[in-house]
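A.B. asks: Provided herewith is a single structure, encoded as structure tokens, for subsequent inquiry.
The values are calculated or read from the model by the stated rules, or taken from the named source; none is laboratory data. Note that the structure is predicted; figures quoted are calculated from it, not measured. Heads up, the Cβs are rebuilt from the backbone with ideal geometry, glycines too, and the neighbour counts pull from every protein chain shown. Surface areas here come from the heavy atoms of the whole protein model, side chains and all, with no ligands, DNA or RNA. Shrake-Rupley method; radii C 1.70, N 1.55, O 1.52, S 1.80 Å.
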Amino acid sequence: MTPLLDIRRLTMDFGGLRALEAIDLAVHPAQTVALIGPNGAGKTTLFNCITGIYRATAGDARFQAGEGRCVPLRGLKPNQVTALGICRTFQNIRLFGHMSALENVLIGRHCRTRAGIAGAILRSRRARDEERRAAADSFRLLKKFGLAGHADAPANSLPYGAQRRLEIARAMATEPRLLLLDEPAAGMNPQETRELNRMIVQLREEEGVAILLIEHDMRLVMSLAQHICVVDYGRKIAEGTPGQVRNNPAVIKAYLGEDDNA
Amino acid sequence: MDPKEEIKKSFIAAIWFMFLTFPIMVVRVDTIEHTVTWRWERLIWVGAAFFLLSFIWRRLLDRKLTGPSATDTAPAHAAPRWKHLTADSRLKRPALAAAALFFLAVPLLFSWNKTILVTNALIYVVIALGLNIVVGLAGQLVLGYVAFFAVGAYGYALLNLHYAVGFWSALPIGAALAALFGLLLGFPVLRLRGDYLAIVTLGFGEIIRIVLENWNELSFGPSGIDNIPPPDFFGLILNLRQTHIAIYYLMVVLTLLTILVVSRLQHSRIGRSWEALREDETAAQAMGIDTTRAKLSAFALGACWAGMGGVVFAAKQKFINPGNFTIWESILVLCIVVLGGMGSITGVVLAALVLVILPEALRVFADYRWLVFGAMLVLVMVFRPEGLVRARRRVYAFEPTESDKTEGP
Ligand SMILES: Nc1ncnc2c1ncn2[C@@H]1O[C@H](COP(=O)(O)OP(=O)(O)O)[C@@H](O)[C@H]1O
Ligand SMILES: [Mg+2]
């Protein structure tokens with residue numbers, strides 16, 4: 001089976017600093033892959049390269065955009081990548097703070113809706129119908145993530161855990177085939193993390209979305225991931241099933257070298 | 001902060017200020033008679049005045065900082081009373097009706113001159129609503145906005161002069177021309193943000209003015225263009241006064257049109273993409289918004305209102321020259337948007353009326369106009385950064401029962 005996302009020898013330099021070195025990584029349809037590694041290993045940088053926020057120095061990434069189209073992601077703008085069906089959340093929450101939770105999700109619907117300037121000014125029937133449908137879809141998503149009660153509240157007024165879930169809801173509104181989650185459980189208490197775990201499992205079952213997950217909470221990683229990729233100093237140091245990775249000496253060394261509770 | 005602490009801090013500030021102003025306020029050296037006068041009593045005035053100012057400032061700041069937490073603990077319905085008033089939809093209709101009646105009756109109630117003043121204010125309402133799209137919604141700090149106003153005004157004046165284009169055709173042409181200039185400005189500044197954007201657009205505004213001032217063959221230079229015809233109202237023959245009243249009503253209609261279109265845009269898919277751009281450009285792009293397109297559409301749709309306002313302005317003034325389009329006009333319009341509350345249509349309308357009519361009404365302050373505006377802006381930024389009227393988020397209505405019926409378990 002061809003992978004949904006196929007990253008080949010991806011390298012990213014920042015001036016003299018090599019943040020990623022020849023990374024190979026594949027995510028198959030409906031698969032959950034975890035990307036782990038100490039802070040500063042280059043995980044977020046990999047997300048930024050995939051989503052077009054950074055332009056990789058070398059290497060390439062290909063994405064199966066449906067109908068057998070295999071699209072190289074190199075050189076695409078972030079919004080084009082999103083339109084293809086890859087969407088992400090941010091490690092340091094980047095919601096549209098002054099907009100309501102519902103509007104945040106509606107922004108996610110933007111690339112799946114069409115109404116233009118004329119439709120907006122004339123309030124054409126099509127524009128109104130589309131708007132109503134988008135709002136209903138968004139509301140359903142909020143409900144799914146336990147945010148229905150916050151629909152009209154400004155995003156920056158939400159509790160921390162709710163903001164993290166809203167980020168996922170907003171990303172899901174773009175109808176991704178691949179969802180990139182950057183430390184979704186960071187800052188959550190154990191109960192919130194369990195709740196998040198349940199939501200991600202449900203998401204996978206209902207939408208069949210593939211997930212690439214960056215996470216430090218090993219319980220969450222071990223429970224969700226079918227495949228784990230470990231990076232350290234921009235290099236892939238191990239890869240395999242959770243069982244294989246757990247017992248890999250290189251991984252243990254990388255983690256013990258940093259912090260034993262990670 | 002407790003009052004004792006505040007008094008102490010204000011006291012220290014006052015002493016400091018007395019010390020700083022000592023050389024200019026107290027010592028007076030007469031170089032001709034070689035005498036030095038010491039005006040100690042002044043020191044006391046400086047100290048007392050500064051102590052008071054500093055104390056009031058601290059008090060207000062304190063109130064502002066502790067304010068929200070006090071309302072957080074209170075139940076939601078205990079919001080300040082005036083907020084209740086603005087939120088109450090039963091009051092909204094009568095208030096709008098009263099405002100509509102008032103604006104319809106202006107030419108009957110007031111003198112001819114005052115009617116012209118209100119016409120002016122309405123022109124500012126329209127162009128400020130345009131700038132509000134760019135600055136308030138899309139968050140692009142554009143300073144040379146008056147350029148689009150000039151494009152509209154000169155567009156009408158020149159088209160009329162050379163091709164005898166009438167006012168009514170010039171109105172949409174002026175809007176389109178300004179939108180085109182909006183795009184022209186938009187392309188090169190796509191990558192700029194914040195202060196850089198402000199500086200470049202400031203330059204753009206000045207370039208347009210300087211071109212108008214120096215390209216004599218096109219714009220007749222500083223002497224401007226005279227004898228611009230007023231709009232033709234259904235072929236009626238109107239005297240000067242009637243023409244002004246007709247232009248007033250035209251402006252009322254145009255203002256209503258602007259409010260309608262801008263509020264529809266704001267609450268649409270496009271308007272949301274502008275706001276996302278303002279909140280976080282990177283996140284907006286990552287969520288699938290074509291930021292290039294969003295920016296250009298904001299520039300074009302913001303500029304077109306200034307163009308339209310410019311056409312009416314030219315027709316009303318009969319005479320325009322580059323002096324009408326200086327940087328101060330841009331700043332005034334920006335003041336209106338900031339003071340009104342970025343993104344709030346009601347706020348912008350109110351602020352435009354206040355900032356245009358008040359200085360005329362209070363002629364005594366005419367010389368200090370910019371000083372008063374500056375002080376007002378500083379106070380607003382510190383104590384009410386969301387502007388006079390906070391942009392209210394739209395509440396989306398659903399029929400949850402219905403969706404529960406179709407989707408529910
Ligand atoms: N825009 C940038 N400019 C320069 N260096 C960067 C930039 N983004 C990331 N880096 C560097 O790349 C390395 C990897 O960072 P990051 O991907 O954020 O790590 P992680 O997400 O694994 O904690 C770090 O050394 C970081 O300082
Ligand atoms: Mg990171």
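A.B. asks: So which residues in region B:233-271 are over 21 Å from the mean Cα position of the chain (by Cα) and at the interface with chain A (Cβ under 10 Å from one of its Cβ atoms), if there are any at all?
C.D. replies: Within region B:233-271, B:Ser268, B:Arg269, B:Ile270 qualify.
A.B. asks: Can you tell me which residues in region B:321-331 are under 16 Å from B:Ala198 (Cβ atoms) and either buried (at least 22 other Cβ atoms within 10 Å of the Cβ) or not assigned by TED's automatic domain parsing to the domain that holds B:Ile207 (or both)?
C.D. replies: B:Ser330
A.B. asks: OK, next. Please tell me if A:Gln226 is exposed (fewer than 15 other Cβ atoms within 10 Å of the Cβ), farther than 14 Å from A:Pro38 by Cα, within 14 Å of another protein chain (Cβ to nearest Cβ) and away from ligand 2 (no atom under 16 Å from the Cβ).
C.D. replies: Criteria not met by A:Gln226.
A.B. asks: If you go through region A:2-20 one residue at a time, do you hit one that is open to solvent by less than 20 Å² (accessible area, probe 1.4 Å), in contact (Cβ under 8 Å) with a residue 12 or more places away in the chain, more than 25 Å from A:Asn92 (Cβ to Cβ) and more than 16 Å from ligand 2 (Cβ to nearest atom)?
C.D. replies: yes
A.B. asks: Also: Which pairs turn up if I take residues in region A:92-116 that are more than 7 Å from chain B (Cβ to nearest Cβ) and look for partners that are hydroxyl-bearing (Ser, Thr, Tyr) and open to solvent by less than 20 Å² (accessible area, probe 1.4 Å) with beta carbon separation below 8 Å, at least 6 apart in sequence or on another chain?
C.D. replies: Here the result reads A:Val105/A:Ser138; A:Arg109/A:Ser138; A:Arg109/A:Thr174; A:Arg112/A:Thr174, each pair linking region A:92-116 to a residue that is hydroxyl-bearing (Ser, Thr, Tyr) and open to solvent by less than 20 Å² (accessible area, probe 1.4 Å).
A.B. asks: Just one of (1) within 11 Å of chain A (Cβ to nearest Cβ); (2) assigned to a helix (DSSP H, G or I) trips up B:Ile199, so point out which.
C.D. replies: Looking at each condition in turn, B:Ile199 falls short on (1).
A.B. asks: Of all residues in region A:25-82, which are out of contact with any Cys (no Cβ under 9 Å at 6 or more places or on another chain), within 13 Å of ligand 2 (Cβ to nearest atom) and more than 14 Å from chain B (Cβ to nearest Cβ)?
C.D. replies: A:Pro38, A:Asn39, A:Gly40, A:Ala41, A:Gly42, A:Lys43, A:Thr45, A:Leu46
A.B. asks: Scanning for something out of contact with any Gly (no Cβ under 9 Å at 6 or more places or on another chain), under 22 Å from B:Trp274 (Cα atoms) and charged (D, E, K, R), does region A:100-108 turn up at least one residue?
C.D. replies: yes
A.B. asks: Restricting attention to region A:32-77, and to residues there that are open to solvent by 60 Å² or more (accessible area, probe 1.4 Å) and within 16 Å of ligand 1 (Cβ to nearest atom), which single residue is nearest to A:His216 (Cα to Cα)?
C.D. replies: Out of the qualifying residues, it is A:Asn39.
A.B. asks: Tell me yes or no: at least one residue of region A:186-196 is of a type in the set (A, V, I, L, M, F, W, C), surrounded by fewer than 19 Cβ atoms within 10 Å (Cβ to Cβ) and within 16 Å of ligand 1 (Cβ to nearest atom).
C.D. replies: So far as region A:186-196 goes, yes, one or more of its residues are of a type in the set (A, V, I, L, M, F, W, C), surrounded by fewer than 19 Cβ atoms within 10 Å (Cβ to Cβ) and within 16 Å of ligand 1 (Cβ to nearest atom).
For every residue, the table says whether it meets (1) away from ligand 1 (no atom under 16 Å from the Cβ); (2) open to solvent by 30 Å² or more (accessible area, probe 1.4 Å).
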{"position": "A:Arg88", "(1), (2)": "no, no"}
{"position": "A:Ser100", "(1), (2)": "yes, no"}
{"position": "A:Ile117", "(1), (2)": "yes, yes"}
{"position": "A:Arg125", "(1), (2)": "yes, yes"}
{"position": "A:Glu131", "(1), (2)": "yes, yes"}
{"position": "A:Gly146", "(1), (2)": "yes, yes"}
{"position": "A:Asp152", "(1), (2)": "yes, yes"}
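A.B. asks: Now for a different question. State yes or no: is A:Thr89 at the interface with chain B (Cβ under 8 Å from one of its Cβ atoms), touching a residue at least 24 places away in the same chain (Cβ under 8 Å) and under 23 Å from A:Leu212 (Cα atoms)?
C.D. replies: When the stated conditions are applied, A:Thr89 does not pass them.
A.B. asks: Among (1) outside any loop (DSSP other than H, G, I, E, B); (2) open to solvent by less than 30 Å² (accessible area, probe 1.4 Å); (3) in contact with a Phe, Trp or Tyr (Cβ under 9 Å, 6 or more places away or on another chain), where does B:Ile245 come up short?
C.D. replies: Failing condition for B:Ile245: (2).
A.B. asks: Being part of a helix (DSSP H, G or I) and open to solvent by 10 Å² or more (accessible area, probe 1.4 Å) is the filter here; which residues of region B:300-320 pass it?
C.D. replies: Residues satisfying the conditions are B:Ala300, B:Leu301, B:Cys304, B:Trp305, B:Met308, B:Phe313, B:Lys316, B:Gln317.
A.B. asks: Kindly provide the set of residues from region B:219-248 that are touching a helix residue (DSSP H, G or I) at 6+ places or on another chain (Cβ under 8 Å), in contact (Cβ under 8 Å) with a residue 12 or more places away in the chain and more than 13 Å from B:Asn321 (Cβ to Cβ), ordered by number.
C.D. replies: B:Pro229, B:Pro230, B:Pro231, B:Asp232, B:Phe233, B:Arg241, B:His244, B:Ile245, B:Ile247, B:Tyr248
A.B. asks: Please count how many residues of region A:238-254 are open to solvent by less than 60 Å² (accessible area, probe 1.4 Å) and either outside any strand (DSSP E or B) or farther than 28 Å from A:Met172 by Cα (or both).
C.D. replies: 8
A.B. asks: Can you list the helices (runs of 4 or more DSSP H) lying wholly within region B:81-182 that have 2 or more residues being surrounded by 24 or more Cβ atoms within 10 Å (Cβ to Cβ)?
C.D. replies: By residue number, B:112-131, B:146-163.
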